[in-house]
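The values are calculated or read from the model by the stated rules, or taken from the named source; none is laboratory data. Remember, it's a predicted structure, so these values are computed and weren't measured experimentally. Reconstructed Cβ throughout: ideal geometry from the backbone, glycine too, with neighbour counts over all protein chains shown.
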Amino acid sequence: MHGLRTIAARLRPLTAAQSTQTLQHNSAACALRTFQPKRGYKAAVVAEPFLSGTSSNYLEEMYCAWLENPTSVHKSWDIFFRNATAGVPPGAAYQSPHSSTEIKSMCPQALVGSQRNVEKLVEDHLAVQSLIRAYQIRGHHVAQLDPLGIMDADLDLCIPMDIITSSHKLGFYGLSESDLDTVFRLPKTTFIGGSESALPLREIIRRLEAAYCQHIGVEFMFINDVEQCQWIRQKFEKPGTMQFSPKEKRVLLARMVRSTRFEEFLHKKWSSEKRFGLEGCEALIPALKTIIDKSSENGIENVILGMPHRGRLNVLANVIRKELEQIFCQFDSKLESADEGSGDVKYHLGMYHRRINRMTDRNISLSLVANPSHLEAVNPVVQGKTKAEQFYLGDNEGNKVMSILLHGDAAFAGQGIVYETFHLSDLPSYTTHGTVHVVVNNQIGFTTDPRMARSSPYPTDVARVVNAPIFHVNADDPEAVMYVCSVAAEWRATFHKDVVVDLVGYRRNGHNEIDEPMFTQPLMYNQIKTQKPVLQKYAEKLILEGVVTRQEFEEEVTNYDKICEEAYVRSKDKKILHIKHWLDSPWPDFFTLNGQPKSMNCPSTGLKEEQLIHIGKIASSVPVDDFTIHGGLSRILRSREAMVENRTVDWALGEYMAFGSLLKEGVHVRLSGQDVERGTFSHRHHVLHDQKVDKRICIPMNHIDPNQAPYTVCNSSLSEYGVLGFELGFAMASPKALVLWEAQFGDFHNTAQCIIDQFICAGQAKWVRQNGIVLLLPHGMEGMGPEHSSARPERFLQMCNDDPDVFPRITADFEVQQRYDCNWIVVNCSTPANYFHVLRRQILQAFRKPLIIFTPKSLLRHPEAKSTFEDMLPGTHFKRLIPEEGPASQNPAGVKRIIFCTGKVYYDLTKHRKNKDMEASVAISRIEQLSPFPFDLVKAEIEKYPAADLVWCQEEHKNQGYYDYIRPRIHTTISRSRPVWYAGRGPAAAPATGNKKAHLLELDRFLNTAFNADAFQDQP
């Protein structure tokens, strides 16, 4: 059907002279039948046509008329067109309408010959269109993509049957060699003709091969947007598009010189050092510079890059333009870092640089994000940082800020985070309006062959899920690389969608410079040994073309070698290595005030009562007219209003007041995660939905103050790894925003563990990069089974960097200094007020640290888990420890036991204590901030009760939760003068039981243990 309609799309009406001429030729053959088509077409005939040069037009006119009105043509034509449209095989479309008396009256021999000629002509035109489409769809399968000439980029030795080669002839289409010189009209779906509307079949095939089967393979026909497909066809099919001026070729050669000679210089100076060089894909450097140049030309001012370790030093040197001496300085093993933290290996470090783009004479900021060896983990981080930069610039279309992601072929196919990140690309709150992906395709993963590493034909097939065009290119053809990168940048600027450039190259030195690849890939590396370097091949090509002389080329090489040598000499003068020189996200003016270091002291995080009331009223109202909310939500808003009148807050309202007050103070708040708009436990309701108007919403938080900062609350895709990485990147861009990621349940962070371990926990130590992201992890044993009970607090506490065996020196600024020195802050708040304060403190403190909050589930509606306004007024702060304030505190000498705990179990303990009538003899203290550990407050609380036993109680199992973290720190606090008893569940493999009765029995057992004077006799 598509092929026939394409013929019709190209039709032009016959002129009167042409129609007359056709009639005259056909009238001598046999009887005629006229028809009158619509749309003003001239009268035509059905008989034995095609005796004149207008025969093809005539047939097409008839077909167009048939499309409009099948009865306007003879019955035989109607049958033919219907069969051809239904996909009847060639040669079978014609069926004689035996019942037609008109046919019987015609000249039989002439009619049969006419019908056969017509059928052949239609089939030939359809065949040519199918041929063109075959090259567009499958031409990339036979493109010459492998520089080594030994592998098929698509892992398939077979040539598609519908691609014309020496082994596959025209017979597949019902054509023959005699048809090669026949001229065929070209459909609208191709641009191979340029200004010509028809070409001989021989030339059609030649141009298709030139467009789709050389050093570029284009995958785009899966895209379901006609405009986008036509745009790509025009870029690759139109004759003369891939031509470069002598100036452009000289620039390309100079970039190839820098890319190649940089690696050769490093190899000469540090031959035994790992550097993950770019040899075998040196075209990456001009590829990136072309993308950046073209994007700068289109208005981009800020480019954020993420990449694996291969080629990073080269990218830093020749794309970001990091000082060479700083790079060479990294190779000196005798240098010691003058900065805090452990630092990282040189091929993981990032960089930020603002400079002039010499090709466009425009300023451009380039940022390469630091990342670990965990491949592709940096992808969502880059996207989040890009989104943040766009947000703060008001760049709602991605016209000023863009991202470029580099990938390895094996990782692109193998790492699930690639798929997760792609699926963020078009989501309203996560889109960066198009990313250019560049795959450095080594055709191998460490020692694993592609056939063992992926099931898809190409490593890039994952990109098809978002209809991203994929441009495969032979990396040993720098001009082809330059062209596809230019097209990729234009695609992103035009359509604001993702695009992939697959640079098919090889690895000259194995996985790294000290690896022996011949162990596992002897055939490939025997070929590589004989492979002429791409710089040499391209230089010889340009010398042969007369673009440069050999002397000019050698001078270019000599000049760059001199630059490297001079930088090497300067690097020897560096006495101290500063990791801060490699910071990828500088925060200018954040750490200083009027040129002086900021005070470390955090002001009170409390608010005036009128502010609390104002925010509370917004939280309990619908600030939009004619907006119908759900009846159940009306009751929730009324209960909030009642709490405000009673000067109390629950968890949801405390959070509302923290967010609202920061927004009023000009702080952007972004809350992201699965179902965060309503809240997994139906407690938040930050987005109201009109019950009568589809997709009409209201966000009351954005109606707090006319001059407030915007509030972004967005349900995410069902991804933890990707979305947490995205929010981390968003928080990285600016310290003046509160960025929170909420897990649907606390244990869902399991699948985002890489981001937590590699970026959040150790990011500052490795890369001197502070980050203030907040993780909200619902946690608590509710008898609902092993999943979704525990947020695994033991994992976070194990990774805290404070020393359990050293009691710190208590000074006036001890608490602030503790937070400044820690790698992250871990809290488990038991009151809405403390939650309110810790959120506000996260922004009001003078530095940024990740904040891990174990949030409640059942406490969201617990009648006792409420706070009063008094706990949130000016002068109040976050309480690291909430001491006993009941009867036991009035007579500390009479207290027999002090129980330390954290979180929800406090309410179980107080209830059990009341039932046991032990409120005067047992004190219960809550440690709200677990890390950094409040040594000073715990010491004071213990000293207050000199005769009391010390018990740590938790609802988690003994080998989980907080016990292994808390016990040694309490021991250090008291110099091991007294034992610290344990009350809680025993060791177990699963976080919780799946049986409600068993859960209650366990709860009752450890609560009895906590209050039983003789329960700890057998504990060591």
| task | Please identify the pairs in which a residue from region 598-623 that is of a type in the set (Lys, Arg) has its Cβ atom under 7 Å from the Cβ atom of a residue that is part of a loop (DSSP other than H, G, I, E, B), counting only partners at least 6 apart or on another chain. | result | Lys598/Phe591; Lys598/Ala846; Lys608/Pro874
| field | Checking Lys400 against (1) of a type outside the set (Gly, Ala, Ser); (2) within 20 Å of Ser672 (Cβ to Cβ); (3) surrounded by fewer than 21 Cβ atoms within 10 Å (Cβ to Cβ), the condition it does not meet | value | (2)
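Please verify whether region 837-854 includes one or more residues that are within 30 Å of Leu1001 (Cα to Cα) and not basic (Lys, Arg). Walk me through it before giving the result.
Residues of region 837-854 within 30 Å of Leu1001 (Cα to Cα): 853-854.
Add one more test, that the residue is not basic (Lys, Arg), and what stays is 853-854.
Yes, some residue in region 837-854 is within 30 Å of Leu1001 (Cα to Cα) and not basic (Lys, Arg).
For Ile760, state whether it is part of a loop (DSSP other than H, G, I, E, B) and either modelled with pLDDT under 95 or crowded, with 22+ Cβ neighbours inside 10 Å (or both). Steps first, please.
Values: part of a loop (DSSP other than H, G, I, E, B): no; either modelled with pLDDT under 95 or crowded, with 22+ Cβ neighbours inside 10 Å (or both): yes.
Considered against the rule, which asks whether it is part of a loop (DSSP other than H, G, I, E, B) and either modelled with pLDDT under 95 or crowded, with 22+ Cβ neighbours inside 10 Å (or both), Ile760 comes out as no.
Among the candidates Val218, Val257, Val226, single out the residue that is free of Cβ contacts under 8 Å to residues at least 24 places away in the same chain and hydrophobic (A, V, I, L, M, F, W, C). Spell out how you get there, then give the answer.
Values: Val218 fails: free of Cβ contacts under 8 Å to residues at least 24 places away in the same chain; Val257 fails: free of Cβ contacts under 8 Å to residues at least 24 places away in the same chain.
Among Val218, Val257, Val226, only Val226 is free of Cβ contacts under 8 Å to residues at least 24 places away in the same chain and hydrophobic (A, V, I, L, M, F, W, C).
Do the conditions hold for Gln744, that is, is it part of a loop (DSSP other than H, G, I, E, B), assigned by TED's automatic domain parsing to the domain that holds Pro856 and in contact with a Phe, Trp or Tyr (Cβ under 7 Å, 6 or more places away or on another chain)? Steps first, answer last, please.
Working: part of a loop (DSSP other than H, G, I, E, B): yes; assigned by TED's automatic domain parsing to the domain that holds Pro856: yes; in contact with a Phe, Trp or Tyr (Cβ under 7 Å, 6 or more places away or on another chain): no.
No: the conditions fail for Gln744.
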| task | Find the residue count for region 135-186, including only residues that are modelled with pLDDT of 85 or more and of a type in the set (Lys, Arg). | result | 2
| What single numbered condition from (1) aromatic (Phe, Trp, Tyr); (2) buried (at least 23 other Cβ atoms within 10 Å of the Cβ); (3) without any contact (Cβ under 8 Å) to a residue 24 or more places away in the chain fails to hold for Tyr963? | (2)
| query | Hey, Arg310 hits all of (1) at pLDDT below 95; (2) within 23 Å of Val381 (Cα to Cα); (3) part of a helix (DSSP H, G or I) but one; which does it fall short on? | reply | (3)
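Among Pro892, Pro863, Pro887, which is the only one that is more than 27 Å from Ile755 (Cα to Cα), surrounded by fewer than 16 Cβ atoms within 10 Å (Cβ to Cβ) and either in contact (Cβ under 8 Å) with a residue 40 or more places away in the chain or within 44 Å of the chain's Cα centre (by Cα) (or both)? Spell out how you get there, then give the answer.
Details: Pro892 fails: surrounded by fewer than 16 Cβ atoms within 10 Å (Cβ to Cβ); Pro887 fails: either in contact (Cβ under 8 Å) with a residue 40 or more places away in the chain or within 44 Å of the chain's Cα centre (by Cα) (or both).
That would be Pro863, the only listed residue that is more than 27 Å from Ile755 (Cα to Cα), surrounded by fewer than 16 Cβ atoms within 10 Å (Cβ to Cβ) and either in contact (Cβ under 8 Å) with a residue 40 or more places away in the chain or within 44 Å of the chain's Cα centre (by Cα) (or both).
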| message | Checking the structure you have, find out if any residue of region 421-436 is among the polar types (S, T, N, Q), assigned to a loop (DSSP other than H, G, I, E, B) and surrounded by 23 or more Cβ atoms within 10 Å (Cβ to Cβ). | response | yes
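Given the criteria without any contact (Cβ under 8 Å) to a residue 12 or more places away in the chain and either surrounded by 24 or more Cβ atoms within 10 Å (Cβ to Cβ) or not small (Gly, Ala, Ser) (or both), does Glu479 qualify?
Numbers: without any contact (Cβ under 8 Å) to a residue 12 or more places away in the chain: no; either surrounded by 24 or more Cβ atoms within 10 Å (Cβ to Cβ) or not small (Gly, Ala, Ser) (or both): yes.
No; evaluated as a whole, the condition is false for this residue.
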| task | Please state which one of Ser604, Ser585 is at pLDDT 85 or above, assigned to a loop (DSSP other than H, G, I, E, B) and surrounded by 14 or more Cβ atoms within 10 Å (Cβ to Cβ). | result | Ser604
| request: Determine whether region 460-467 contains at least one residue that is buried (at least 24 other Cβ atoms within 10 Å of the Cβ) and either in contact with a strand residue (DSSP E or B) (Cβ under 7 Å, 6 or more places away or on another chain) or outside the structural domain of His309 (by TED's automatic domain parsing) (or both). | output: yes
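Does region 247-254 contain any residue that is in a helix (DSSP H, G or I), closer than 21 Å to Pro308 by Cα, among the aliphatic types (A, V, I, L, M) and touching a helix residue (DSSP H, G or I) at 6+ places or on another chain (Cβ under 6 Å)? Spell out how you get there, then give the answer.
So in region 247-254, the residues in a helix (DSSP H, G or I) come out as 247-254.
So of that shortlist, the ones also closer than 21 Å to Pro308 by Cα come out as none.
So far as region 247-254 goes, no, none of its residues is in a helix (DSSP H, G or I), closer than 21 Å to Pro308 by Cα, among the aliphatic types (A, V, I, L, M) and touching a helix residue (DSSP H, G or I) at 6+ places or on another chain (Cβ under 6 Å).
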| said: Cβ contacts < 9 Å: first residue within 17 Å of Tyr963 (Cβ to Cβ) and free of Cβ contacts under 8 Å to residues at least 12 places away in the same chain, restricted to region 927-946; second residue hydroxyl-bearing (Ser, Thr, Tyr) and buried (at least 23 other Cβ atoms within 10 Å of the Cβ), any location; separation 6+ or different chain. Result? | reply: none
